[in-house]
Structure formats: structure tokens, C-alpha cells
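Worksheet: one structure, shown below.
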Amino acid sequence: MAKLFATSDQHFTHFNIIKYADRPFELSEKGVKDCINTIVNKHNEIVTTDDVVIHVGDLGHGRNQSKEAIRYIIESHKGKKILIKGNHDNYSDEFYKSIFDVVCTYVIKGRYFFCHYPCYEKSATKLEKEFIQIFKDSGCDIIVHGHTHNKDSAVYDDGIQRINVCVDY
């Protein structure tokens with residue numbers, strides 16, 4: 001039986017993510033490659049070709065990001081792939097649709113609302129406020145998100161249960 005997985009904020013090819021997120025790799029081009037290989041290998045150890053993986057945003061980042069690198073990395077991942085675009089997923093939907101089965105801004109699966117952001121009303125952007133309304137209208141009671149890297153989801157005091165699926169958490 002196929003399983004459902006969620007992950008986010010890999011920031012593939014982003015040199016400084018090693019420092020910012022305190023990833024256990026040397027701060028060098030070799031370290032970036034080692035980080036990418038580790039994430040891909042760990043993914044492929046547990047995900048089968050029949051499983052579904054929701055990437056909850058931020059595949060790459062900034063000037064080090066290249067379409068070719070992102071394409072190669074994502075195509076090396078097992079599973080049926082869904083991309084929920086994050087704030088650093090800046091390529092066109094057409095590009096992402098060429099490597100993902102589905103590209104969107106959120107997914108509702110039963111009681112779970114998947115989006116890139118934690119959607120905390122006290123600091124919500126306009127987009128997050130829209131997502132909060134969709135979340136409430138949908139009858140979901142859990143937000144599955146990324147964006148905050150290693151920030152504990154328990155810090156939010158609004159009664160909404162959150163699951164942070166960032167690779168750094």
C-alpha cells in the first residue's frame with residue numbers, strides 16, 4: 001500500500017543554508033553536494049516508487065539555484081511528487097510541472113491542510129490569512145507546513161495543531 005510523506009525546505013544548491021540551518025556539512029561546494037546527496041539518499045531509502053511525497057516548498061534558493069540542478073535532484077527522488085510552492089520556488093509553474101505530478105499552493109487531505117507557511121494569525125501575511133480562512137472553511141484541524149526551518153511548532157498559541165516537516169526540524 002502506498003504511503004504519504006511530506007518534506008520541505010531542502011534549499012538544494014543553497015550554499016549558506018548549511019550555516020543558517022546548522023546542517024552537519026562543511027561550508028563548501030563539497031559540503032553542498034554532500035548535503036544534497038544525503039537528503040536524496042535518505043529520501044530514497046524510505047520512499048518507494050508508489051508512495052506520494054508532498055514537497056511543502058523551497059526546493060532551491062537564490063543565485064546558486066539552477067533549473068538543471070533542481071530537475072536532476074527531483075527526478076532522482078522516488079515517489080509520485082507534489083509541489084506546494086514556497087517563497088523560494090521562483091520558477092514558472094510550467095517548469096515545476098515538468099518534474100512534479102502536481103504543482104499547487106496548498107493541499108487538503110482529510111483533516112490535514114498542507115501549505116508552505118505555518119499560518120499564524122498574529123504574524124500572517126495576506127497569503128497566509130487566505131490560507132487560514134481556507135483551513136477553517138475546509139474543516140481541517142492540522143496544518144502541515146515548512147518555512148520556519150528548525151522552529152518548534154509548539155510556540156504558536158492559537159490552538160491550531162501544526163506539524164513542521166522541514167528537513168531541518
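The values are calculated or read from the model by the stated rules, or taken from the named source; none is laboratory data. Nothing here was measured: the structure is a model prediction, and the numbers come from that model. Every residue, glycine as well, gets a Cβ built from its backbone with ideal geometry; the counts of neighbours run over all protein chains shown. Just so you know, the surface numbers come from the protein's heavy atoms only, side chains and all, with ligands and any DNA or RNA stripped out. Shrake-Rupley method; radii C 1.70, N 1.55, O 1.52, S 1.80 Å.
Which of the following residues is on the phi < 0 side of the Ramachandran plot and free of Cβ contacts under 8 Å to residues at least 12 places away in the same chain: Tyr96, Tyr72, Tyr112?
Tyr72
Looking at Thr125, Thr105, can you tell me which residue is out of contact with any Pro (no Cβ under 7 Å at 6 or more places or on another chain) and either free of Cβ contacts under 8 Å to residues at least 12 places away in the same chain or hydrophobic (A, V, I, L, M, F, W, C) (or both)?
Answer to the check: Thr125.
Being open to solvent by 30 Å² or more (accessible area, probe 1.4 Å) and touching a residue at least 40 places away in the same chain (Cβ under 8 Å) is the filter here, so list the residues in the stretch 128-159 that pass it.
Within the stretch 128-159, His147, His149, Asn150 meet the criteria.
So which strands (runs of 3 or more DSSP E) stay within the stretch 28-104 end to end and still have 2 or more residues that are under 17 Å from the mean Cα position of the chain (by Cα) and surrounded by 18 or more Cβ atoms within 10 Å (Cβ to Cβ)?
In the stretch 28-104, 52-55, 80-84 are the strands (runs of 3 or more DSSP E) which contain 2 or more residues that are under 17 Å from the mean Cα position of the chain (by Cα) and surrounded by 18 or more Cβ atoms within 10 Å (Cβ to Cβ).
When you go through Lys80, Lys129, Lys136, Lys122 one by one, which is the residue that is in contact with a strand residue (DSSP E or B) (Cβ under 7 Å, 6 or more places away or on another chain) and more than 20 Å from Asp9 (Cβ to Cβ)?
Lys80
Conditions tested, residue by residue: (1) at pLDDT 95 or above; (2) in contact with a strand residue (DSSP E or B) (Cβ under 7 Å, 6 or more places away or on another chain).
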residue: Ala6; (1), (2): yes, yes
residue: Thr13; (1), (2): no, no
residue: Asp34; (1), (2): yes, no
residue: Val40; (1), (2): yes, no
residue: Asp50; (1), (2): yes, no
residue: Val53; (1), (2): yes, yes
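From Tyr117, Tyr20, grab the single residue that is closer than 30 Å to Asp157 by Cα and surrounded by fewer than 16 Cβ atoms within 10 Å (Cβ to Cβ).
Tyr20
Provide a single number: the residues in the stretch 1-31 that are touching a residue at least 24 places away in the same chain (Cβ under 8 Å) and aliphatic (A, V, I, L, M).
Counting residues in the stretch 1-31 that are touching a residue at least 24 places away in the same chain (Cβ under 8 Å) and aliphatic (A, V, I, L, M) gives 5.
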